[in-house]
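> Sharing a structure below in structure tokens format, with a few things to ask.
The values are calculated or read from the model by the stated rules, or taken from the named source; none is laboratory data. Treat the numbers as computed from the prediction; the structure is a model and nothing was measured. Because the Cβ atoms are built from the backbone with ideal geometry, glycine has one as well, and the counts that use them run over all protein chains shown. Side chains are part of the model used for accessible areas, which takes the heavy atoms of the whole protein and leaves out ligands, DNA and RNA. Shrake-Rupley method; radii C 1.70, N 1.55, O 1.52, S 1.80 Å.
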Amino acid sequence: MKNTKKLYVKTYGCQMNVYDSERMSEALGENGYEKTLNPDEADMILLNTCHIREKAAEKVYSELGRFKDLKTYNPDLKIGVAGCVAQAEGEEIIKRQPLVDLVVGPQSYQNIADLAANAVEGRKQIDIDFPKEDKFSMLRGVRSAQRGPSAFLTVQEGCDKFCAFCVVPYTRGAESSRPVSRILDEAKQLVDSGVREITLLGQNVNAYHGEGSDGKERSLAQLIWELEKIDGLARIRFTTSHPNDMTDDLIEAHGICKKLMPYLHLPVQSGSNRILKRMNRSHDAESYLSLISKIREARPDILISGDFIVGFPEETDEDFNDTISLIKNIEYGQAFSFKYSTRPGTPAAERDQVSEEIKTARLHELQDLIKKQQKSIQDEMIDRKVQVLFERKGRFDNQLVGKSEYLHAVNVTDPTISVGELKQVHITKSNANSLSGSVVN
Ligand code: 5AD
Ligand code: SF4
């Protein structure tokens, strides 16, 4: 009889799922589970799933099929599905794949320990409710073990924007913000455990409006200023934002808050006003361009990143060309781009679809342009001094890899530096996906 049980967690999708997986592991840790990277030795397997694009549910079912043998070999093994596929599919998951013991949606993780215990006793568990309470309120504190110098911290969850292509408002629910005090407590614990950079997470993080100590709402900028006061915390980032919630106080913070890094992920999705309207984005290309100008006025060196969807229903060549023009106008330092993928239950799923060939061609053209912009902005770093937070060991002896203020990966070979240190680095070379340089003494 083993006294510790092993937990194998596989995470798909966004950074919030990474954060949620860590918290669930911590909650199950209190139940005696220890993490393993090897599913063969697991007593519990948890898939934390993503539903944002293409055949996500199908991928989960095929992954689950692969665990069949493990269950034959170890009849006590319990299998759980968490995340947005769990929320969207619910009991359908157990109907289609009876080897699943536990289905838990993203708003019910506060129950994970009880659900797991019941599953171990042989009762199938399904929890996809949307309760009001803070889902990680049950955790006594964040664990300090094995944490790198950079950590995620969820401050906001859900979305009320209902873009016509997106499942988030259905799987993550209505927009809600955690109170300031909870966030500050968690941030301080992270810093005490060696964290120097915190990325505030939310599906609509700049819509943050959590409660302050006086019961009044605070904006994201106000929260950032509170975090700024934490000694030992060197860097603050946030992701992901909506253009309509880019308030003046947040833009101003980018100009003057020393700990707020000059990097902004601000998705626009399309450069065509017709498509933006059909997407229900409630902003147009011009307002996005003038917003970026305003942000650059406040912080001229800020690196702009974005998300794009090509082949949204009814997108014509002209619409797509408008997206290309917008990209040329902005000059992105980074961007994520996707072919539109039909999400059942969302308004755009019912409309006239663009062919797969056209989507593929448009995606290539857009990505070629973005790659050039990204590389040229990265190349501009040559001969500049950047500040690097070293996060891990590199592939070579004495090599460390870190991130600059602008989120560029930077490699430095130097036996005198260690993980967790912040150093000024003189950039000497721009590689395919990273920079190299040496520490400035
Ligand atoms: N198809 C393609 N891309 C999508 N995204 C969201 N929903 C879809 C969809 N149905 C993209 C958007 C969003 C990012 C997280 O994923 O660009 O910003
Ligand atoms: Fe989805 Fe973002 Fe639009 Fe919300 S704002 S519906 S999360 S794409």
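> Describe numerically, in nm with one decimal, the distance between label points set 7 Å from Cα along Cα→Cβ at residue 55 and at residue 356.
Result for the modelled spin labels: 0.8 nm.
> Express the carbon and sulfur contribution to the solvent-accessible surface of the range 5-127 as a percent, rounded to the nearest whole number, probe 1.4 angstrom.
C and S fraction of accessible area: 48 percent.
> Let me ask something additional. Full-extension gain between residue 217 and residue 321, please, as 0.36 nm times their residue separation minus the C-alpha to C-alpha distance.
Residue separation times 0.36 nm, minus the Cα-Cα distance, leaves 33.3 nm.
> Could I ask something else about it? Lys and Arg at +1, Asp and Glu at -1: add these up for the other residues within a Cβ distance under 13 Å of residue 384 and post the number.
With Lys, Arg at +1 and Asp, Glu at -1, the neighbours total -3.
> Okay, next question. What is the Cα centroid distance between the range 154-230 and the range 276-293, reported in whole angstrom?
24
> Give the accessible surface of the chain per residue, rounded to a whole number of Å², with probe radius 1.4 Å and ligands, DNA and RNA excluded.
46
> How far is it, in nm, from the label point at residue 392 to the one at residue 433 when both lie 7 Å from their Cα along the line to the Cβ?
If labels sit at residue 392 and residue 433, their model points lie 1.1 nm apart.
> While we're looking at this one, here's another question. Could you tell me what fraction of 2.2 N^0.38 Å the Cα radius of gyration of the chain comes to, as a two-decimal ratio?
Expressed relative to 2.2 N^0.38 Å, the Cα Rg reads 1.01.
> Extending each Cα 7 Å along its Cβ direction at residue 301 and residue 376, get the distance between those two points in nm, one decimal.
2.0
> Carbon and sulfur atoms: what percent of the 1.4 Å accessible area of the range 364-411 do they account for?
Taking all protein chains in place, the range 364-411 shows 45 percent carbon and sulfur surface.
> Report the paramagnetic label zone for residue 426: residues of the range 379-415 whose backbone N is under 16 Å from a point 7 Å from Cα along the Cα-to-Cβ axis.
Within reach of a label on residue 426, which here means backbone N under 16 Å from a point 7 Å along Cα→Cβ, the range 379-415 contributes 381-388, 412-414.
> Sticking with this structure for a sec: Quick check: net charge around residue 358, other residues with Cβ under 9 Å of its Cβ, Lys/Arg +1 and Asp/Glu -1?
-2
> Continuing with the same structure: Over the range 238-351, with every protein chain in place, what whole percent of the accessible area is carbon and sulfur at 1.4 Å, could you tell me?
Details: 2120 of 4450 Å².
Of all accessible area on the range 238-351, carbon and sulfur atoms account for 48 percent.
> Something else about it: Between residue 66 and residue 328, what is 0.36 nm times their sequence separation minus the Cα-Cα distance? Round to one decimal in nm. Each step should come with its number before you reach the end.
Working: separation 262, 0.36 × 262 = 94.32 nm, distance 4.48 nm.
So the chain would gain 89.8 nm between residue 66 and residue 328.
> Just from its helices, what would the mean residue ellipticity at 222 nm be for the chain, if runs of 4 or more DSSP H residues each count -39500 (n - 2.57) and the sum is divided by every residue, rounded to the nearest 500 deg cm²/dmol? Working shown, then result.
Numbers: 14 runs with 146 residues, N = 441.
When only DSSP H runs of four or more count, the value is -10000 deg cm²/dmol.
> Jot down the per residue volume, in cubic angstrom and as a whole number, of the convex hull over the alpha-carbon atoms of the range 385-439. The partial results should precede the final answer.
Details: hull volume 3.7 nm³, N = 55.
Taking only Cα atoms, the range 385-439 has a hull volume of 67 Å³ per residue.
> Can you check what the net charge comes to around residue 53, using other residues whose Cβ is under 13 Å from the Cβ of residue 53 (Lys, Arg +1; Asp, Glu -1)?
Values: positive: 55, 59, 339, 343, 359; negative: 54, 58, 307.
Charge balance near residue 53 sits at +2.
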